[in-house]
1. Looking only at region 221-238, which residues are under 21 Å from LEU175 (Cα atoms) and charged (D, E, K, R)?
2. Looking at (1) away from the ligand (no atom under 12 Å from the Cβ); (2) in contact with a helix residue (DSSP H, G or I) (Cβ under 9 Å, 6 or more places away or on another chain); (3) at pLDDT 95 or above; (4) under 19 Å from LEU173 (Cβ atoms), which one does ASN262 not meet, given that it meets all the others?
3. Can you pull out the residues in region 79-121 that are at pLDDT below 85 and of a type in the set (Phe, Trp, Tyr)?
4. Would you check which residues across region 221-244 are surrounded by fewer than 16 Cβ atoms within 10 Å (Cβ to Cβ), modelled with pLDDT of 95 or more and either within 8 Å of the ligand (Cβ to nearest atom) or of a type outside the set (Asp, Glu) (or both) and list them?
5. On the given criteria, is ILE178 touching a Cys at 6+ places or on another chain (Cβ under 9 Å) and either touching a residue at least 12 places away in the same chain (Cβ under 8 Å) or not hydroxyl-bearing (Ser, Thr, Tyr) (or both)?
6. Looking at SER288, SER280 in this structure, which one is among the hydroxyl-bearing types (Ser, Thr, Tyr) and either crowded, with 22+ Cβ neighbours inside 10 Å or assigned by TED's automatic domain parsing to the domain that holds ALA81 (or both)?
7. Give the residues of region 276-313 that are among the basic types (Lys, Arg), within 17 Å of ASP195 (Cβ to Cβ) and not in a helix (DSSP H, G or I), sorted by residue number.
8. For region 196-217, give me each residue that is near the ligand (Cβ under 6 Å from one of its atoms) and outside any helix (DSSP H, G or I).
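The values are calculated or read from the model by the stated rules, or taken from the named source; none is laboratory data. Every value quoted in this text rests on a predicted model; they were computed, and no experiment measured them. Here the Cβ is made from the backbone with ideal geometry for all residues, glycine too, and neighbour counts use every protein chain on show.
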Amino acid sequence: MGCDTLPYPQTLLPLLMRPKTKAGFRASKTAPRWWRLRLQISGWLEDPFASFLQDQGIAGVEIETEESQGISVLVAYVESAESLYGLEGALRGYKCSLEDLFGRSVHCHWTVEPLKDEDWREAWKRYFRVNRVSQRFVVKPPWETYEVQGHEVVLDIDPGQAFGTGLHASTRLCLQGIEEILENPRLPHPRTGLDVGTGTGILAIAMARVGLEQVVAIDPDPEAIEAAQHNVSLNDVSERVRIRRIPVEGLREGEFDLVVANLTGPILRRSSHVLRRRLSPNGILLVSGFLEEEVEAVERPFLRRGLKLLERRSDEMWCALWMKCGG
Ligand SMILES: C[S@@+](CC[C@H](N)C(=O)[O-])C[C@H]1O[C@@H](n2cnc3c(N)ncnc32)[C@H](O)[C@@H]1O
């Protein structure tokens, strides 16, 4: 079968309808955050497909049934609707490349379903283990044990109903950015931090754990606030991290040396003036949560407000920008 004749997977479209904003990032009632993907493939390709899913950042891949009639079923859990959407394109491309490589048709069909909260809790427990996200940061659930090595910083994260496990590329980009900014001798050393859209509190906790003295974490979502409070105390940083239930638009006070905002392209664009005002004179802004095609639109309002671009980073299809005040 030629690649251009591939059937378009109809299963994803009605469920996903390409969220224009990262609606899947909200723990909203209408957009479930976790999805189960069941992938039916030719049994002889079980290992390549399992590795492929892992390369796409999927934390756990399970073989649901033993191979029968030459078909295997892989089950994977995906965090956020947009990640699932990106996976659809990647799977189609991978199927094509395998067909080109082997010169024969490859069976590859999938279905997706949103996970109910109870299922998601179980999936999370099964698949979220110890996860190294950068040179120093290791994220783990509280029920796993891990022996810290050298300069590692271990973050204990219990997500509750909030976003921020460290498995999503946008969170990883932020954690890597925080680490590198702190280690870069050419950048001013931040003492105060602001985490905008804190979710589980993961980035605020990371900033506090690598030495920032005072961190403010904000989020309008009550479930995020609950999870963040729990995680802040789990990580013993309650004295350094203050959590507030407000949206970025309501942030009217404070100046911070390092502002990290993992939101969405549209929210970042429309709150660029608020974020700019919250930066101290030598402050650094790290934003993520948008796709490669949005980079220019996201950076434009910040550059117009006098920020200098330090770095553009990407991971899978997600991007991050580091920007700086002053010269
Ligand atoms: C992508 S998650 C980021 C979570 C975590 N900081 C991380 O990096 O994994 C985005 C978070 O922003 C919050 N959020 C949505 N709209 C917001 C707004 N207008 N102002 C501040 N936070 C917002 C959501 O509730 C969600 O917890």
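1. Going through region 221-238, the residues under 21 Å from LEU175 (Cα atoms) turn out to be 224-225, 227-238.
Of everything in region 221-238, just one residue is under 21 Å from LEU175 (Cα atoms) and charged (D, E, K, R), namely ASP236.
2. (1)
3. Within region 79-121, TYR85, TRP120 meet the criteria.
4. SER233, SER238, ARG242, ARG244, listed by residue number.
5. Spelling it out, it is not the case that ILE178 is touching a Cys at 6+ places or on another chain (Cβ under 9 Å) and either touching a residue at least 12 places away in the same chain (Cβ under 8 Å) or not hydroxyl-bearing (Ser, Thr, Tyr) (or both).
6. Of the residues listed, the single one that is among the hydroxyl-bearing types (Ser, Thr, Tyr) and either crowded, with 22+ Cβ neighbours inside 10 Å or assigned by TED's automatic domain parsing to the domain that holds ALA81 (or both) is SER288.
7. ARG278
8. VAL196, GLY197, THR198, GLY199
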